[in-house]
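The next block holds one structure in the form of structure tokens; read it before the comments.
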Amino acid sequence: MSKNKTVRRFADNEAVAKVYNLKGSPRRLNLVAQMIRGLPVQPALSHLRLSKRRAAHDVRKALQSAIANAENNHQLDVDRLYVAEATVGRAFVMKRFHARARGRGARVEKFWSHLRLVVREQNQQKENA
């Protein structure tokens, strides 16, 4: 008596990489994710390598993980991969207080984010057209 096999949530030509609890606001991380949406993976990696934003390093590591998942786990062709989805979600928020004048305190919020990248292999028909 074993459990039933779980159904794969993604198509056969897709691979996913998820990164939880990245330091930084989802708003800033989304600017970097927006930069690579829809791009082939090689230009996306070069964009992230040349970007000056701090979050670009974390997004690049996640993209490399998604490429490795596609190649090793799903036997997809790396040369035909592109970034199909790059979604950013809000994680927890640490609340701190900063001392201000006259005995007051100001609230400081430190945001954290989640990142999910989906790479997809292009169809032959799309490539030839």
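Readers should treat all values here as calculations from the given coordinates under stated rules, not as data from a laboratory. Predicted model only: the values in this text are computed from it and were never measured. Cβ: placed from backbone, ideal geometry, glycine included. Neighbour counts: every protein chain shown.
Annotations
- Enumeration of residues in the range 61-78 that are farther than 11 Å from A17 by Cβ and surrounded by 13 or more Cβ atoms within 10 Å (Cβ to Cβ): E71, H74, L76, V78
- Only one entry of R107, R60, R120 meets the criterion of being assigned to a helix (DSSP H, G or I) and of a type outside the set (A, V, I, L, M, F, W, C), and that entry is R60.
- Unmet requirement for A55, which otherwise passes all of (1) surrounded by 14 or more Cβ atoms within 10 Å (Cβ to Cβ); (2) free of Cβ contacts under 8 Å to residues at least 12 places away in the same chain; (3) not charged (D, E, K, R): (2)
- Among the residues of the range 75-85, none qualifies, meaning not one is part of a loop (DSSP other than H, G, I, E, B), touching a residue at least 60 places away in the same chain (Cβ under 8 Å) and under 16 Å from L115 (Cα atoms).
- Looking across the range 81-129, the residues that are surrounded by 17 or more Cβ atoms within 10 Å (Cβ to Cβ) and more than 14 Å from the chain's Cα centre (by Cα) come down to L81, F111, E121.
- Test: E121 is of a type in the set (D, E) and under 24 Å from A11 (Cβ atoms): yes
- Positions within the range 12-52 being among the aliphatic types (A, V, I, L, M), over 17 Å from A68 (Cα atoms) and touching a residue at least 60 places away in the same chain (Cβ under 8 Å), in sequence order: L22, L29, A33
- Checklist (1) touching a helix residue (DSSP H, G or I) at 6+ places or on another chain (Cβ under 9 Å); (2) exposed (fewer than 13 other Cβ atoms within 10 Å of the Cβ) applied to L39, failing item: (2)
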